[in-house]
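Report on the structure given below.
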Amino acid sequence: MNIKIETFGQVNGERVDLIHLSNQNGMLVKITNYGCIVTSIETQDCQGHFKDIVLGFDTLNEYLQGHPFFGAVVGRYANRINHGLFKIKDQIYQLEKNELSTSQHIHGGSVGFDKYIWNYSIEKNETLIMIHFYRLSPNGESGYPGNLNITHSIGLDEQNQLHFYFTATTDQTTIINLTNHSYYNLSGHDQGYICHHYLKIFSDYYTPVAQNMIPTGEILSVKHTGLDFRKAIKIGDNMDKLKDKTLDHNFILNGEVAYDEYHKAAELYDPESGRFLTVITTQPAIQVYNAAKLSNKCWMGKNQYKYESFAAICLETQHFPDSPNHRHFPNTLLEPDQIYKQKTIYQFSVKDNQG
């Protein structure tokens, strides 16, 4: 295992680092402590050729200009909260309604966890390097209650596994829902659309949403819908069954245990490169997004490649959207005597090309 740290730039005079993690298989992951952004993941295909398989930018300045959460940590609350309103006991909290198209609160607000420089420490042994990013989110930040101490650990091991761990404590009852928001294209970040990828989601049910993208509270079967990924299916085939070909849905995970405390969430396969991605997690759900909105703005990514709609897919393990306003959804409250803990591992491998 190897690590290299270089200067990525500055924000308000404060240095920002770019951390390179690599293993003996040649896999390379680059992470910056600005927003805990995973800027690059280089893995090999079935021919032994390496490509960068996540969307992003070459420079810090491009990230500072704004972006659709390419590779970033998302919090305090990933996904949407209806009208930015939630209640804890008798106290009502009003958050920013920062998603203009729906008038909802999304991903922690316009200055969420992705907009901060995080401190970090390094843990290294022969088979794993973990970067422990940490910061204090003060009481009232983005409208959320409680002083929240967060540690977000990102690591690479010799089995080509990328680890995303979260722990947090609070001094006041608050809500929390954290995830990583990487955009994957297993053919390569500059290889066009992901419609030919095969996707399997370990989920029988999803939470439907109204036109404002807020859950109705129903829990419905994926059977006979364009959301049925119970068996691996070409993404484009199911996209044709969805309105505007948009896949942006919360899937409730079945909970089969893979090993230890993890259960399987999803599998993604690119028959052209042979790259295969398995996602295991402790989280109860996964938000799957096929980047349908990327063409709403011109995004010139790494090597000035233009990212357009359906250029990648996000596999965001998390709790349900708008959980604070639905009592039958998994609880997202964090009490002062509790520790928030969630883990997700992305396992990268290759398999022989198949149709």
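The values are calculated or read from the model by the stated rules, or taken from the named source; none is laboratory data. Just so we're clear, the structure is a prediction, and the values are computed from it rather than from any experiment. Neighbour counts run over all protein chains shown; Cβ positions are idealised from the backbone, glycine included.
Does D157 satisfy being of a type in the set (D, E, K, R), at pLDDT 95 or above and within 22 Å of V73 (Cα to Cα)? Talk me through it step by step, then tell me what you get.
Details: of a type in the set (D, E, K, R): yes; at pLDDT 95 or above: yes; within 22 Å of V73 (Cα to Cα): yes.
So D157 passes the test.
Output the number of residues of the stretch 219-233 satisfying the condition of being among the charged types (D, E, K, R) and either surrounded by 14 or more Cβ atoms within 10 Å (Cβ to Cβ) or under 17 Å from K243 (Cβ atoms) (or both).
Looking only at the stretch 219-233, we keep the residues that are among the charged types (D, E, K, R), and these are 223, 228, 230-231.
Of the ones still in play, those that are also either surrounded by 14 or more Cβ atoms within 10 Å (Cβ to Cβ) or under 17 Å from K243 (Cβ atoms) (or both) are 228, 230.
The total comes to 2.
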Taking only pairs six or more apart or across chains, which ones have beta-carbon atoms under 7 Å, a first residue in the stretch 49-61 that is more than 15 Å from W299 (Cα to Cα), and a second residue that is of a type in the set (G, A, S)? F50/G26; K51/G188; D52/S40; D52/G188; I53/G188
Restricting attention to the stretch 188-201, report how many residues are part of a loop (DSSP other than H, G, I, E, B) and buried (at least 22 other Cβ atoms within 10 Å of the Cβ). 3
Index of the failed condition, T216 passing every other in (1) over 14 Å from Y289 (Cβ atoms); (2) touching a strand residue (DSSP E or B) at 6+ places or on another chain (Cβ under 9 Å); (3) touching a residue at least 40 places away in the same chain (Cβ under 8 Å): (3)
Just the residues that are under 22 Å from the mean Cα position of the chain (by Cα), among the charged types (D, E, K, R) and either surrounded by fewer than 16 Cβ atoms within 10 Å (Cβ to Cβ) or part of a loop (DSSP other than H, G, I, E, B) (or both), please, taken from the stretch 298-355. K306, E308, D322, K341
Lone unmet requirement of (1) without any contact (Cβ under 8 Å) to a residue 40 or more places away in the chain; (2) crowded, with 24+ Cβ neighbours inside 10 Å; (3) not acidic (D, E) for F113: (1)
Hand me the list of strands (runs of 3 or more DSSP E) wholly inside the stretch 91-175 holding 2 or more residues that are over 28 Å from P215 (Cβ atoms) and of a type in the set (A, V, I, L, M). 128-137, 148-157
Residue among L100, L136 that alone is in contact with a strand residue (DSSP E or B) (Cβ under 6 Å, 6 or more places away or on another chain) and exposed (fewer than 15 other Cβ atoms within 10 Å of the Cβ): L136
